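A quick write-up on the structure given underneath.
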Amino acid sequence: MLRAARLALAAATLVAAAPVRAEPVSIPIAEVADSAEVRREGDAIRHLASQYLFPAQLGQMPARKLVVYAPGNISVQYTLRGGANGDGWIDLFVYRPDEATLADEAQSLEARQIERFRSTPRPTPQGFTDPGAPVMSGWYDTQIGDTPYLTYYQLARHGDWAVKIRFSMPRDAADDVRSRAAEALADAPTRWR
């Protein structure tokens with residue numbers, strides 16, 4: 001009996017000592033201040049660990065919010081109307097990749113896209129261009145809630161860092177949303193800045 005109580009106490013101590021995964025912290029761009037993670041450079045934001053410079057906007061899409069997932073792992077979201085009312089949005093991430101190679105990281109990313117969102121790979125929509133090597137990319141038909149979306153990713157590696165964009169817009173997005181998105185993606189957001 002005493003041994004069982006000790007084992008239960010030891011198990012409870014181990015569970016209590018297990019690290020808890022922190023929730024991402026989202027900060028409106030206007031409120032982003034210099035920190036251990038980022039530094040303001042005019043309207044742009046420098047990711048200090050990698051030295052990547054998040055631009056103030058991609059095409060006509062201004063930066064709206066910074067999200068810190070973990071030390072060294074952040075993103076900035078770009079959108080004209082905040083992703084509502086049929087608008088599209090781009091999430092630009094800088095992080096340390098899980099996989100050893102760019103091809104392996106892209107394969108893992110694609111598998112998560114297909115599994116998590118029940119996405120289907122599709123050809124590049126009319127009006128968009130893909131970046132070509134050494135950037136990996138892909139388009140998907142995706143369902144987010146009750147709305148069908150087109151989703152796209154670009155992935156590049158720079159030393160120990162990955163730069164990824166994830167773009168989404170309603171499948172039936174208006175022409176101005178499509179042209180704005182094509183312009184923003186042509187800005188090559190995965191290039192090292």
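The values are calculated or read from the model by the stated rules, or taken from the named source; none is laboratory data. Please read all numbers here as calculations on a predicted model, not as lab measurements. Note: ideal-geometry Cβ built from the backbone for every residue, glycine included; neighbour counts use all protein chains shown. Note: areas computed on protein heavy atoms with side chains; ligands, DNA, RNA excluded. Shrake-Rupley method; radii C 1.70, N 1.55, O 1.52, S 1.80 Å.
Points to keep in mind about this one:
- Dividing the Cα radius of gyration of the chain by its Kirkwood radius returns 1.08 for Rg/Rh.
- Per residue Cα convex hull volume in Å³ - calculated over region 36-90: 73 Å³
- Based on DSSP H segments of at least four residues, each scored -39500 (n - 2.57), the chain has a per-residue ellipticity at 222 nm of -7500 deg cm²/dmol.
- Summed over the residues of the chain and divided among them, the accessible surface reaches 55 Å² per residue at a probe radius of 1.4 Å.
- The accessible surface of the chain, taken with every protein chain in place and a 1.4 Å probe, is 54 percent carbon and sulfur.
- With respect to the chain, whose longest principal axis is taken over its alpha-carbon atoms, helix 175-186 is tilted by about 70°.
- Estimated FRET transfer efficiency when R0 is 45 angstrom, pair residue 186-residue 22 (beta carbons, to 0.05): 0.80
- Additional length obtainable on full extension of the chain from residue 175 to residue 122, 0.36 nm per residue less Cα span: 17.1 nm
- Inter-label distance for residue 143 and residue 98, nm, one decimal - labels placed 7 Å from Cα along Cα-to-Cβ: 2.4 nm
- Cα gyration tensor shape for region 64-166, rounded if a/c is under 1.5, else prolate or oblate: oblate
- Rg ratio for region 128-193: its Cα radius of gyration over 2.2 N^0.38 Å, N being its residue count, equals 1.19.
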